[in-house]
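The values are calculated or read from the model by the stated rules, or taken from the named source; none is laboratory data. What you see is a predicted model; the values in this text were computed from it and never measured. Neighbour counts run over all protein chains shown; Cβ positions are idealised from the backbone, glycine included. Ligands, DNA and RNA are stripped out before the accessible areas are found, and what is left, the full protein with its side chains, is counted by its heavy atoms. Shrake-Rupley method; radii C 1.70, N 1.55, O 1.52, S 1.80 Å.
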Amino acid sequence: MTTLCRGACVEVDSNTEAVADEGFKLGCISCKRRGEVKATAFVKWSFKASDENKNPILFQLFIYQNGRADIIDSRFSDRLHWNGSKKTDDLQDGSILILNVTFNDSGTYMCTFNRTLKYLNYEFQTSNIKTFNMKVVPRLTRGLASILSEVMMYVSIIGLQVWLVIEMIYCYRKISAAGEEALRESARPLSIPEPCWPDFHQPLQSAVI
């Protein structure tokens, strides 16, 4: 799902399939609906591993506020980096980057945007929560939609090439037939009409006065 927002901000759902031993970006975008309103925001991430399903509580993982990133969960020490909005307190991109992904990183991630909208006479607090279920796999797998799209692309290319070949053959035959007809016309002898001479053997009629 993709949502267009004012100020060229685009909300795109995050990928949820990570590959072990590689880096993975967890995207979390919360667009400010009114671009003319000044605002500040901070982002909190929480995490619950897949083997902790019996525990309904998500543990604090990461927080980014006032340009400072703090890793709270020791399981992600030195493996977690801020990959969102920079050089601004009006955060709209709260994405994080996980390095050297392990199978233990599979689980539920929750991103929370806490935004303060600053109007002329008052401030308004808003909160936007997004949840992701990330799965770690040994290697990247392709979805059925991706495979079907690639197959359709190749079918379209082959069909277009076949159509072009048929059109070329048709045009060649049409031009060849027209050329043969022109050659036949040029090979025919020209029929020159005989000149019309007066018959001098007939006596001239005398003019009547």
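Sort out which residues of segment 25-49 are open to solvent by 40 Å² or more (accessible area, probe 1.4 Å) and in a strand (DSSP E or B), and write them in order of number. Lys25, Lys38, Thr40, Phe42, Lys44 - these are the residues of segment 25-49 that are open to solvent by 40 Å² or more (accessible area, probe 1.4 Å) and in a strand (DSSP E or B). Listed by position, the strands (runs of 3 or more DSSP E) enclosed by segment 78-129 that each have at least 3 residues that are open to solvent by 30 Å² or more (accessible area, probe 1.4 Å) and of a type outside the set (Val, Ile, Thr) are 107-118. For beta carbons closer than 9 Å, sequence separation of 6+ or different chains, a first residue in segment 127-139 that is farther than 30 Å from Ala39 by Cα and among the aromatic types (Phe, Trp, Tyr) and a second that is open to solvent by 50 Å² or more (accessible area, probe 1.4 Å) and in a strand (DSSP E or B), there are no qualifying pairs.
Starting from residues that are touching a residue at least 12 places away in the same chain (Cβ under 8 Å) and part of a strand (DSSP E or B), keep the ones in segment 50-70 and report whichever is most open to solvent (accessible area, probe 1.4 Å). It comes out as Gln60. Looking at the structure I just gave you, is Val43 farther than 13 Å from Arg115 by Cβ and of a type in the set (Val, Ile, Thr)? No: the conditions fail for Val43. Take the conditions (1) loosely packed, with under 10 Cβ neighbours inside 10 Å; (2) modelled with pLDDT of 80 or more; Gln202 misses just one of them, which is (2). Here is a check on your reading of the model: is Asp73 under 21 Å from Gln125 (Cβ atoms), open to solvent by less than 70 Å² (accessible area, probe 1.4 Å), out of contact with any helix residue (DSSP H, G or I) (no Cβ under 8 Å at 6 or more places or on another chain) and of a type in the set (D, E, K, R)? So Asp73 does not fit the description; no.
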